[in-house]
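I have placed the structure first, in the form of structure tokens, so that the comments after it can refer back to it.
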Amino acid sequence: MSDTATTPTNATFDQFGLHADILKAIAEQGYTTPTPIQAEAIPVVLGGRDVMGAAQTGTGKTAGFSLPIIQRLLPLASTSASPARHPVRALILTPTRELADQVAANVQAYAKHTSLRSAVVFGGVDMNPQSAELRRGVEILIATPGRLLDHVQQKTANLGQVQILVLDEADRMLDMGFLPDLQRILNLLPAERQTLLFSATFSPEIKKLAATYLRNPQTIEVARSNSTATNVTQIVYEVAEGDKTGAVVKLIRDRGLKQVIVFCNSKIGASRLARQLERDGVVATAIHGDRTQSERMQALDAFKRGEIEALVATDVAARGLDIAELPAVINFDLPFNAEDYVHRIGRTGRAGASGDALSLFSPNERKQLADIEKLIKRPLDVQRLTVDTPVRHHHDERGARRERDDRGGSRRRTTGAHERPHGTHHRQQPVDDFFLKPYEPSPSAVSAAAKRDEAPSAPQKPASKQPLAALLGGFGMPRKTTTSN
Ligand code: AMP
């Protein structure tokens, strides 16, 4: 249990009639009280009804659907080694690899005392180990849509016995262009099934999806109880576009931030910024869809362990990440899609902790700022930030030396590596060859990533504008413009 973002309810896990093996796993996770979404969703899912759930990551929604799914499948659990006794009975679809991995880790923990098997499949990694696991048989399959279809095509996944389908972060799946893949998958499933759809927003597209594929769903709506309005301080810093990198360094240094996610709108921008931050002495790495899955996981793990100060991320790569007690997020770019602002700042201020959402705003981002303020129904506090010292000095030399080292092939380091050469006093940057190379998108990575597990770098079609303001509160505060050097 790291960071439940919810207030405890009066409910207890005992009251749902969950099997002792599940209760034992819950206790081992350290959960004592169900979160509001769990208190609402567990009985509904146990009752077999379809669900349309409005909940973000951080509310405990994963256990909210996983625990009752495990309970419902328990009567069918088998200790037999025969794959035929372990067909896929529950399918959980997520938009990103990271979320799939997180959900899978939770499901595995909750089902560990049962004989139900679970597996996760996502793109960007070798299919063979996944195929081998699928052939042995799994009851609960967690997948990203594209890779799942690859397995279906290779006949390593058969969806003909799926009884329960979960569409997790459905809004993001649609934003990422997964609708055709989703439709193909849905057509492979038995019509007689239970469908649970979770989404942070209920756009017209989501409503249409629900109307087509859900049957008389129960709507469950739980805003995060530690609403960002109360414990996330939002500040917008006005800076010249060219000063943004310096501004990030300044904010990290002045505020003593040890762990911050910096959001960029594009993959190329994220790579470039991570590289520049490294040169300026900030331990940074980038995660986005052009990096291999293992690089992304490695970077994320190192960040969670506190070995990386700045994780530079695109929206999709950071989506759904559950990082405990993240003190701050920085928006290097204001997002093109105002809803992404809400998702981004929701990464901090969790579990009742306070957090800072710091956004850099250059004059050409007026429209984005206006869209955000419209969505959250309040003006944001805009301050001027002066970046007086050029941030690049002796670090350039270090970067050049590194490049020479790497060219010589004498010393190679990888992202997230925590080896620090002896006698080094400053923080050693985890240098990845990736950051030293010019950006070269491979045609396959661009098309596959854009289509499947990563959003395109270009502005996306704005998704729904269904208000998320409930999550943020709406105070009619007048805009202040103050100066902070
Ligand atoms: P989720 O929204 O599913 O990503 O969950 C957010 C975090 O809350 C995860 O770290 C879960 O392990 C944790 N969590 C889920 N349910 C509970 C609970 N009932 N009590 C405490 N922590 C929980």
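Throughout, read-outs are computed from the coordinates displayed, never taken from laboratory work. Computed from a predicted model, the values in this text were never measured in an experiment. Because the Cβ atoms are built from the backbone with ideal geometry, glycine has one as well, and the counts that use them run over all protein chains shown.
The table that follows gives values for the structure above.
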read-out	value
Sorted largest first, extent of the stretch 244-307 alpha carbons per principal axis (Å)	33, 25, 18
Likely footprinting exposure, Lys367, Lys112, Lys244, fewest C-beta neighbours within 10 Å first	Lys367, Lys112, Lys244
Which of Met52, Met176, Met297 has the fewest Cβ neighbours within 10 Å, and the rest in rising order	Met297, Met52, Met176
Packing-based exposure ordering (other Cβ within 10 Å, fewest first) of Glu238, Glu365	Glu238, Glu365
Kirkwood Rh and Cα Rg combined as Rg/Rh, the stretch 3-221	0.94
Cut-off under 5 Å, modelled amide H: who pairs with Gln194 long-range	Ile164, Leu165
The stretch 139-195 - convex hull of the alpha-carbon atoms, volume per residue in Å³	78 Å³
The stretch 154-207: GluC sites (Glu not before Pro) in DSSP coil with no more than 11 other Cβ atoms inside 10 Å	Glu192
Amide H contacts under 5 Å for Glu221, placed H, 5+ residues apart	Ala54
Proximal lysine pairs, the stretch 3-221, alpha carbons under 28 Å, eight or more residues apart or interchain	6
Whole-Å distance, taken between Cα centres, linking the stretch 190-219 and the stretch 108-169	21 Å
